[in-house]
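Data first, discussion second: the structure below is written as structure tokens.
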Amino acid sequence: MTNTTPSMLMDEQDKNSLKKSSGFWGMPRSWLFVPATRPERFDKAVNSGADAVIIDLEDAVESADKPQARDHIAQYVTQSNNDKIKPTAKDENVRASGLWLRLNNNVHLAEDLVLCESLASYDVIEGIVLPKVTKAAQIESVFQSLKLPIVAQIESAVGISQLDAIAQSEGLVALSYGRLDISNELDLTAGSKAEQDFFIQLRIQMRLISKLYNLSAPIESIYADFKDIAAMEATAGYASDLGFSGMLCIHPLQVDIANRAFKASESQLAFAKKVIEHYQQTGDSIFAIEGVMVDLPVILQCQRLLQQINLSN
């Protein structure tokens with residue numbers, strides 16, 4: 001198998017291919033948050049059935065607790081590197097969930113980047129969720145440091161006003177948004193038709209911009225009341241009908257709802273099959289399919305996508 005890591009090959013052509021590939025190999029349907037301060041929940045989240053787990057260093061962690069939270073992540077990644085089941089031609093088992101990190105986008109970011117850089121060689125973290133994005137430079141700076149795909153969360157009026165520029169950021173694969181933060185900033189009345197109308201418009205704007213700049217379809221915001229199953233199903237179904245790729249989840253009860261609501265397209269399935277067939281035949285971990293760069297994170301995503309289809313049949 002080729003031992004070269006994706007970051008070693010990330011020249012200008014590869015960076016463009018990363019963005020180009022994002023619309024083909026399929027994003028996770030369910031993204032489950034877990035606080036970085038609760039390491040005892042990490043494995044539970046990874047085995048929850050979620051397509052992706054986001055270990056959260058931002059909102060879920062008080063400033064005083066962030067150093068210890070980083071230590072928890074470092075310990076878990078080191079352990080996961082030893083336990084992680086890599087894809088092979090004979091064994092298609094992979095981790096239940098891809099592991100992403102939500103970093104801070106403030107004075108704490110520098111230390112978060114140091115953590116991520118120290119863990120890069122373990123090849124466990126698949127991507128970064130960057131919150132409170134207001135300009136393209138924030139995304140590009142993180143990408144230049146880590147060479148990992150980035151999901152940007154838009155959580156303010158400034159961020160919304162800069163969507164077009166943000167969507168063109170190097171390293172960005174998808175957009176999401178923070179419904180509660182935006183509602184609070186704009187004094188939207190929770191549960192009102194006016195609030196619903198506002199977020200319908202924002203979703204449509206994000207969907208069009210994502211298509212225009214060849215990003216993966218946007219990711220729906222969290223639904224805060226995890227006990228309201230019917231409302232969660234309605235929200236996920238609406239976002240799926242609008243062409244969103246998945247949904248952020250705050251509780252394991254929401255994972256199955258998101259997985260059922262968001263389904264892969266025929267083109268995504270066909271691409272995933274070609275990737276896995278090529279991988280099984282050659283053992284290469286970096287190659288091109290249909291002009292799209294494929295590396296280990298893409299292979300893992302494709303394997304999960306095909307496994308999801310097999311489990312649902």
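The values are calculated or read from the model by the stated rules, or taken from the named source; none is laboratory data. A quick note: this is a predicted structure, and the numbers were derived from the prediction, not measured. Positions of Cβ are backbone-derived with ideal geometry, glycine not excepted, and every protein chain shown enters the neighbour counts. Just so you know, the surface numbers come from the protein's heavy atoms only, side chains and all, with ligands and any DNA or RNA stripped out. Shrake-Rupley method; radii C 1.70, N 1.55, O 1.52, S 1.80 Å.
Tell me, which residue of the range 261-275 that is without any contact (Cβ under 8 Å) to a residue 24 or more places away in the chain and farther than 27 Å from C249 by Cα is surrounded by the most Cβ atoms within 10 Å (Cβ to Cβ)?
K274
Pairs needed: first member in the range 62-74, under 13 Å from R38 (Cβ atoms); second member anywhere, among the charged types (D, E, K, R) and open to solvent by 20 Å² or more (accessible area, probe 1.4 Å); C-beta distance under 6 Å; at least 6 residues apart or different chains.
As it stands, the answer is none, since no pair meets every condition given.
Give the residue, chosen from L311, L305, L248, that is hydrophobic (A, V, I, L, M, F, W, C), buried (at least 21 other Cβ atoms within 10 Å of the Cβ) and modelled with pLDDT under 85.
Unique residue meeting the criteria: L305.
For the range 191-244, enumerate the residues that are of a type in the set (S, T, Y) and open to solvent by less than 20 Å² (accessible area, probe 1.4 Å).
The answer is S210, S216, S221.
If I ask for residues that are farther than 26 Å from S267 by Cβ and at pLDDT below 95, which ones from the range 10-41 would you list?
D11, E12
For the range 276-291, give me each residue that is crowded, with 18+ Cβ neighbours inside 10 Å and under 23 Å from A120 (Cβ atoms).
Y279, S285, I286
Residue-by-condition table, conditions (1) under 22 Å from I55 (Cβ atoms); (2) among the aromatic types (F, W, Y):
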{"site": "A157", "(1), (2)": "no, no"}
{"site": "G171", "(1), (2)": "yes, no"}
{"site": "Y177", "(1), (2)": "yes, yes"}
{"site": "L180", "(1), (2)": "yes, no"}
{"site": "L186", "(1), (2)": "no, no"}
{"site": "S192", "(1), (2)": "no, no"}
{"site": "R207", "(1), (2)": "no, no"}
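Looking at the range 118-146, which of the residues that are modelled with pLDDT of 95 or more and in a loop (DSSP other than H, G, I, E, B) is most open to solvent (accessible area, probe 1.4 Å)?
Filtering the range 118-146 for residues that are modelled with pLDDT of 95 or more and in a loop (DSSP other than H, G, I, E, B), the one most open to solvent (accessible area, probe 1.4 Å) comes out as K135.
Just the residues that are touching a Leu at 6+ places or on another chain (Cβ under 6 Å) and hydroxyl-bearing (S, T, Y), please, taken from the range 251-285.
S285
Go through the range 160-172 residue by residue and tally those that are touching a helix residue (DSSP H, G or I) at 6+ places or on another chain (Cβ under 7 Å) and assigned to a loop (DSSP other than H, G, I, E, B).
4
Of the conditions (1) assigned to a loop (DSSP other than H, G, I, E, B); (2) under 20 Å from S245 (Cβ atoms); (3) touching a Ser or Thr at 6+ places or on another chain (Cβ under 7 Å), L175 clears all except one; give me its number.
That leaves (1) as the condition not met.
Anything in the range 34-85 that is open to solvent by 70 Å² or more (accessible area, probe 1.4 Å) and aliphatic (A, V, I, L, M)? List them, or say none.
Selection gives A64, I85.
Just to be sure before I move on: is D164 surrounded by fewer than 16 Cβ atoms within 10 Å (Cβ to Cβ) and within 13 Å of M206 (Cβ to Cβ) in the structure I sent?
Judged against the criteria, D164 is a match.
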